[in-house]
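Reading through the structure tokens given below for one structure.
Every number in this text was worked out from the coordinates using simple rules, so none of it is lab data. Keep in mind it's a predicted model, so treat the numbers as computed, not measured.
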Amino acid sequence: MRHESKVVELWPKQGTNGGLHLLVEWYGCGGSITLLEDSELLRRLCLLAAETAGLPILAELFHRREPCGVIGVLLLPDSHLTIHTWPREGTVTLDVFVGLHARNNRMKARAVYGRLRDGFKPDKENLLQVHRGGATGAAAARAPRPPES
């Protein structure tokens, strides 16, 4: 089977605020179908991915959707991970945001993405990488403001 990947990167002007936001769609997932259906199995994989990458977990919630699939959320310091599965279609959407305020977490976000991608084994993916923020305090202060009414 042919593997496809489409990557779009959006990087505003450099600055210290913001973070890295990975928005992912995986299709034709060839990993275990149970991973797409079982909230506990998906939870363990997501926890492992975040912990192995060095991202502490503040809270978590994973829920089995009817008629099938799972929605999961990890709350991380200055960050989050959300995941949705559609077992019948073999599809997964993933959203990983890591803040860059105190340290550069880009590699950690990419490590989470890589570990989950290895688990799902998609044939095709769409990946959008967005650098959020990007304005320094001085640049943000000079930004145009809407007129006051």
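Here are some notes:
- Coupling constants for segment 73-86 follow from the phi torsions by the Karplus curve (6.51 cos²θ - 1.76 cosθ + 1.60, θ = phi - 60°), and in residue order they are 9, 10, 9, 10, x, 6, 7, 7, 9, 10, 9, 10, 10, 10 Hz; glycine and proline get x.
- Compactness check for segment 18-134: Cα Rg over 2.2 N^0.38 Å is 1.00.
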